[in-house]
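The values are calculated or read from the model by the stated rules, or taken from the named source; none is laboratory data. Owing to the predicted nature of the structure, the values given are computational and were not obtained by experimental measurement. Quick reminder, even Gly has a Cβ in these numbers, built from the backbone with ideal geometry, and neighbours come from all protein chains shown. For the accessible areas, the whole protein counts, side chains as well, though only heavy atoms, and no ligand, DNA or RNA atoms are used. Shrake-Rupley method; radii C 1.70, N 1.55, O 1.52, S 1.80 Å.
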Amino acid sequence: MKKHATLLSAGAMARRSIVRAPVRKALAMLLLAGALLPDASRAQALSVQVPHGLAGSAAWLENIALGIDVWLVAHENARRTLLLGRCTAFDPRFPERPAPAMVTASTEVFHWMTGEGHTDLPPEPYSVALRNVLPVLATHVFDANELASWDAVRGSAQIRRGLALHEVEVALVKASDAIVDINSGRYWGWPLARVARLADAQGLRAEVDATLETMVPGAAARLRNISLVPAETPADEPLLRAVSQAGETLAPRFFEQLTPADHEAYERVARIEVVRRWLTLTQALPRFALSHVSDMVRDNPMPNAAADFCSRMDLPACRPGEAVEAAITAYLLAFGSALRSDTTVDAARLIVRKLPSSGCS
């Protein structure tokens with residue numbers, strides 16, 4: 001397979017793990033970083049206005065950043081509430097068989113996390129940690145000439161196509177991880193249906209179909225039978241197993257289906273320094289915070305943490321007390337506060353237990 005430059009959105013390679021709190025909570029927050037660092041402006045609680053177009057498309061946000069990443073975190077919190085509360089909606093065989101009440105509970109928590117419902121409750125805390133840092137970074141870590149050059153080309157058809165190609169490539173790899181339910185080890189196909197919906201929006205459905213056909217003949221037709229609703233349709237295990245096992249090799253498989261013009265668009269975006277540095281920076285920030293988990297759990301001060309991050313990332317304009325250093329320091333403190341907070345667990349409990357379909361006593 002041809003080697004090619006690959007851009008991964010923030011958090012795209014994060015893996016969901018079953019570990020003990022507080023590390024489990026920290027990993028969930030890292031997964032959320034992958035959802036929240038692209039533009040989330042349509043969601044109240046996730047409103048992050050990132051200038052200069054340094055954001056994912058609306059289709060990426062709806063189907064991948066929110067549609068997969070945030071829904072999975074919402075489902076984990078709703079599922080735990082149903083299990084610990086001995087609610088009748090909890091079905092240990094889900095997703096082997098449909099469980100509409102479980103999906104309803106997860107979706108209601110999702111609506112709270114995206115700010116589309118239950119706005120009387122406090123907002124999801126990790127989004128608060130991100131809200132102020134991203135615009136500051138986007139406007140301060142590049143010089144005026146870099147931003148002007150990027151703004152001059154980002155609206156072109158070739159750049160838009162290249163960005164779409166990178167989104168679909170990352171989405172395929174992300175779905176390969178998400179199509180196995182971490183609690184049961186069973187397959188569910190809805191993440192792959194989300195990728196198909198993104199591909200439709202980006203005009204890349206034929207390329208996605210061709211990628212899957214290289215592994216499972218008839219995959220394109222079978223994909224059309226998979227519902228976006230978790231477990232609503234039976235798991236197509238041969239197809240889902242092949243996608244899961246392919247993992248990161250889905251990226252070069254997808255690349256092989258592209259035309260020479262698409263190759264050029266893809267590689268051109270991969271060479272744009274502003275895009276590369278932005279993705280590197282937004283991947284590194286939550287991971288840097290995660291490396292300080294033990295300090296944050298104990299609420300210990302983190303002397304010179306922002307300066308350390310600036311030095312590692314070679315960030316300009318990061319002098320003490322100025323915008324970048326202040327924004328990173330505030331982000332790290334907010335990350336720690338979110339890590340110690342029970343807001344998400346408490347909100348999920350309130351939302352799920354109020355639903356008549358949950359059957360919680």
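Is it the case that P95 is at pLDDT 85 or above and either surrounded by fewer than 19 Cβ atoms within 10 Å (Cβ to Cβ) or hydroxyl-bearing (S, T, Y) (or both)? Spelling it out, it is not the case that P95 is at pLDDT 85 or above and either surrounded by fewer than 19 Cβ atoms within 10 Å (Cβ to Cβ) or hydroxyl-bearing (S, T, Y) (or both).
Within segment 316-326, identify whether any single residue is of a type outside the set (S, T, N, Q) and on the phi > 0 side of the Ramachandran plot, and answer yes or no. Looking for residues that are of a type outside the set (S, T, N, Q) and on the phi > 0 side of the Ramachandran plot, one finds at least one in segment 316-326, hence yes. Taking S106 as the residue in question, decide whether it is of a type in the set (S, T, Y), surrounded by 15 or more Cβ atoms within 10 Å (Cβ to Cβ) and over 27 Å from P51 (Cα atoms). Answer is yes for this residue. When the residues of segment 54-77 are filtered to those that are more than 12 Å from the chain's Cα centre (by Cα) and surrounded by 17 or more Cβ atoms within 10 Å (Cβ to Cβ), which remaining residue is modelled with the lowest pLDDT? Here the residue is A55. Whenever a residue of segment 51-66 is assigned to a helix (DSSP H, G or I), its partners that are surrounded by fewer than 17 Cβ atoms within 10 Å (Cβ to Cβ), lying with C-beta atoms within less than 7 angstrom and at least six residues away or across chains, give the pairs L61/R42.
Does V229 fit the bill of being touching a helix residue (DSSP H, G or I) at 6+ places or on another chain (Cβ under 8 Å), of a type in the set (V, I, T) and part of a helix (DSSP H, G or I)? No. G218 passes every criterion in (1) open to solvent by less than 40 Å² (accessible area, probe 1.4 Å); (2) in contact with a helix residue (DSSP H, G or I) (Cβ under 8 Å, 6 or more places away or on another chain) apart from (2).
Criterion applied to M102, M113 was being within 25 Å of the chain's Cα centre (by Cα) and in contact (Cβ under 8 Å) with a residue 60 or more places away in the chain, and the one residue passing it is M113.
One line per residue, one yes/no per condition, for (1) under 16 Å from G162 (Cβ atoms); (2) of a type in the set (S, T, Y); (3) out of contact with any strand residue (DSSP E or B) (no Cβ under 6 Å at 6 or more places or on another chain); (4) at pLDDT below 95:
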site	(1), (2), (3), (4)
A231	no, no, yes, no
E237	no, no, no, no
T259	yes, yes, yes, no
L279	yes, no, yes, yes
Q283	no, no, yes, yes
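In segment 142-155, the residue that is farthest from D200 (Cα to Cα) out of those that are open to solvent by 40 Å² or more (accessible area, probe 1.4 Å) and not in a helix (DSSP H, G or I) is D143. Regarding R161, is this residue of a type outside the set (S, T, N, Q), under 28 Å from H52 (Cα atoms), touching an Asp or Glu at 6+ places or on another chain (Cβ under 8 Å) and touching a residue at least 24 places away in the same chain (Cβ under 8 Å)? Yes; evaluated as a whole, the condition is true for this residue. Can you spot a residue in segment 119-134 that is in contact with a Gly (Cβ under 9 Å, 6 or more places away or on another chain), at pLDDT 95 or above and open to solvent by 50 Å² or more (accessible area, probe 1.4 Å)? No: segment 119-134 contains no residue that is in contact with a Gly (Cβ under 9 Å, 6 or more places away or on another chain), at pLDDT 95 or above and open to solvent by 50 Å² or more (accessible area, probe 1.4 Å).
Among the residues of segment 78-92, just one is under 13 Å from P356 (Cα atoms) and open to solvent by 80 Å² or more (accessible area, probe 1.4 Å), namely T88. Taken over segment 179-204, the criterion of being without any contact (Cβ under 8 Å) to a residue 60 or more places away in the chain, part of a helix (DSSP H, G or I) and open to solvent by less than 40 Å² (accessible area, probe 1.4 Å) is satisfied by W190, L192, A193, A196, A199.
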